[in-house]
Amino acid sequence: MQLDWLVCTIAMLLPLGLAAEEFLKVNSCEDAAEWQGAELETTLVKEGGGAIRWVPSNSRGISTTAVPEDWTVGNCLQLWMHSAKATGSKFWIIISSENPEHEGPDYFSIGSRVDWEGWKQLTIPFEAFGKVRQAIGWHKIGRFQLHCSWDQRSEPSPDDALILDDIRVITLATEGQRLTDAEFFGAMDLSRPGLEAVKAAVDAEDYAAAKAAFREYFVARRDVKWFENWWERPPVPEKRPSTSRADETIQHIYNFDRGRYELGEDIDWSSNQRDEGESATIEWNAALNRHFFFAYLADAYEDTLEDKYAAEIRDMMLGWIDQAPLLVYSSGNSPYHFAWETLNTAVRAGDTWIKAIWKTADAKAWDADSLCTVLKSLVEHARHLRKWPSRGNWLTAESKALTIVGTLLPEMTEADAWRETGIDRLYTQMAEEIYPDGIENELALGYGMWVLRNYCNIYDLALLNGRGDEIPEDYKSLIERMYNYVLYATGPDGLVPGLNDSGNSRAASILPKGFEYFPHRTDFQWIISNRAEGEQPAQTSYAFDYSGHYIMRSDWQPDARFLFFDAGPFGSGHQHEDKLTFTMQAYGRWWIVEGGSYMYDKSRWRRYVLSTRGHNTTRIDGQDQNRRRARDTWVLRPPFEPLGNPWVSNDGFDYVSGVYESGYGRDRSTKVRHQREILFVKPDYWVIVDTFEPEDDG
């Protein structure tokens, strides 16, 4: 197993209420005679008078049998390691647990990399270790070992020099918040103006007073802004608006995918009431942990100022925090973790929690302890997201959330790094995952537009908080191509076809922000105003020759003839087996449509929309296309080059050609080259020619 970014300080990881002496000493590292392959270190020492020095280029492994046999008093290994240089070299921790009824070595193992300098404390839950062969259990341990070449392909760096100290077994809490009050305030820049009373209380180690002072400061500050702030809320309407969705939420009624579910008095945030049969889906639990229903409560509080709505937000957040201690050894993505999957984390920290707090923070329900507990959790959210970046629309959401927390909690000493990391990841993604023709490489319009909204959200928030200088100079200009895609892919009915796991999107709801950013694009205005203002787009037909999307259009009127052809890559995610598919509108209606998308579940309908038979392309011998097994074809790699599909467009006709040749069937053994050519004889009709060339002349 791989162990990356595992380590935090001991204070962060010790469960609340665990006294320092409540641990099992595995080895004090004071006596080199107890170790094979190691030397005694007396200068760089973390605990006591000595430590163990290991130079991997001299000794591939070090080990000791001077360890307790039974480690079951705890659930976590903890040790200090000092690295002279962050070399990136890999090493393994091997813990022997021999089974006398089984031949060969039996052990637990985990791998990590030397990616730090100085002292670092590793805290590794037992469950993170891989169990090799017939390891009998943590009650029977015989040897502790470090090795640099457990995988024979791994070689140490000559610069590797490691010091080991204070190996112990601790008990890591399975409930409650990991970040303590002392660490929370210790991670603040208490020299900031306005925090004088907080600092005085922290210096006196009076954390109750520190929390009270921080709440007073937090509610009074006005220099840190969200898009909707409690101090700017409109007057309460004279007529009480409907609060039915908020009232349902207070009753713990959860609406999901047209279903209505009762969560019970005490919500189990790890539960899933859609885990059986065809409709089984993890999305039920994922949406539950993204807390979209907080918006109903926050809106109801804003409309009524009734404290019960803010109190419900508070109670749900605190209940969730109690059930979901921060993961210290994994991202939560694989295997899925209900609380800390990075997309769930990002949605809370970049959307649902932020909106709820910034609309209700002045409510009586937010006492000092509750508010600080939730803000501590947002710090943990930010640390988790910085530690575990992913890709695609997940990366955008993660980076946005990281930047938002860094913007809205500038008191934290890590805030600058959170913003810098978030913005840098977004900017890098613009270069590596957005094609030059304007669509994100998942090639699923809905997700691409979510990515676009996240880009805009961060840009707008930076300007709102006077941090525009933190945004790269060409950041905004890089967004224009994404709006340009929307413009030229818009059909006569105002909808942009959404391929892969996306429905169609209405251009007039997307382009207003584009026109705000780029007022010279009066063609955006033309679409927004339903052809009443601005200028008609300069082109009718259009080739997006990086995404492989081709638009054949007679004109820009509601009764136009319009064909959307997909001859592009598979996409980095949310893919359908649909190369060479097309949709078509003419004379004010759709004539050729597709199967669309479906809930991410186990149903036959989900399988249908993913398959070739759910699209307007061909199957061979009853078998679907299979690009999923050809991963090298999924996306274009930077530096990007156009696909080069033949494309001709003039006043008389459009012509395009695309090819599918990645195989059919589960094992892709049916090899047939399918070429589809489309000729649009303007303005009236299309001719579509399909040519099939079997590899075996069959």
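Computed quantities for the displayed model
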quantity	calculated
Scope region 103-114; condition under 21 Å from Thr87 (Cβ atoms) and either open to solvent by 70 Å² or more (accessible area, probe 1.4 Å) or of a type in the set (Lys, Arg) (or both); matching residues	Arg113
Selection count where residues are out of contact with any helix residue (DSSP H, G or I) (no Cβ under 9 Å at 6 or more places or on another chain) and of a type outside the set (Asp, Glu), scope region 254-280	5
Of all residues making up region 104-126, the number that are in contact (Cβ under 8 Å) with a residue 60 or more places away in the chain and among the charged types (D, E, K, R)	3
Matching residues, region 521-565, being open to solvent by 10 Å² or more (accessible area, probe 1.4 Å) and under 30 Å from Arg629 (Cα atoms)	Ala543, Asp545, Tyr546
Residue that is farthest from Ile551 (Cα to Cα) [pool: residues in region 675-698 that are among the charged types (D, E, K, R) and in a strand (DSSP E or B)]	Glu693
Within region 283-331, considering residues that are among the β-branched types (Val, Ile, Thr) and over 18 Å from Val374 (Cβ atoms), the one surrounded by the fewest Cβ atoms within 10 Å (Cβ to Cβ)	Thr304
Condition met for Tyr336 (in contact with a Leu (Cβ under 6 Å, 6 or more places away or on another chain), within 25 Å of Ile124 (Cβ to Cβ) and outside any helix (DSSP H, G or I))	no
Residues (in contact (Cβ under 8 Å) with a residue 40 or more places away in the chain and open to solvent by less than 10 Å² (accessible area, probe 1.4 Å)) located in region 177-186	Leu179, Phe184
Residue among Asp362, Asp299, Asp351, Asp322 that is modelled with pLDDT of 95 or more and part of a loop (DSSP other than H, G, I, E, B)	Asp362
Residues (over 27 Å from the mean Cα position of the chain (by Cα) and aliphatic (A, V, I, L, M)) located in region 504-536	Ala508, Ile527, Ile528, Ala532
Of all residues in region 217-269 being basic (Lys, Arg) and touching a residue at least 40 places away in the same chain (Cβ under 8 Å), the one that is least open to solvent (accessible area, probe 1.4 Å)	Arg233
Of the criteria (1) of a type outside the set (A, V, I, L, M, F, W, C); (2) closer than 30 Å to Leu375 by Cα; (3) over 30 Å from the mean Cα position of the chain (by Cα), which one Gln134 fails	(2)
The listed residue being more than 25 Å from the chain's Cα centre (by Cα), at pLDDT 95 or above, assigned to a loop (DSSP other than H, G, I, E, B) and over 28 Å from Glu228 (Cβ atoms), out of Asp493, Asp501	Asp493
Strands (runs of 3 or more DSSP E) within region 585-660 that include 3 or more residues open to solvent by 60 Å² or more (accessible area, probe 1.4 Å) and closer than 22 Å to Lys682 by Cα	589-592
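The values are calculated or read from the model by the stated rules, or taken from the named source; none is laboratory data. Quantities reported herein were computed from a predicted structural model and do not represent experimental measurements. Virtual Cβ from ideal backbone geometry, glycine too; neighbours counted across all protein chains shown. Protein only, heavy atoms only, side chains kept; ligands, DNA and RNA dropped before computing areas. Shrake-Rupley method; radii C 1.70, N 1.55, O 1.52, S 1.80 Å.
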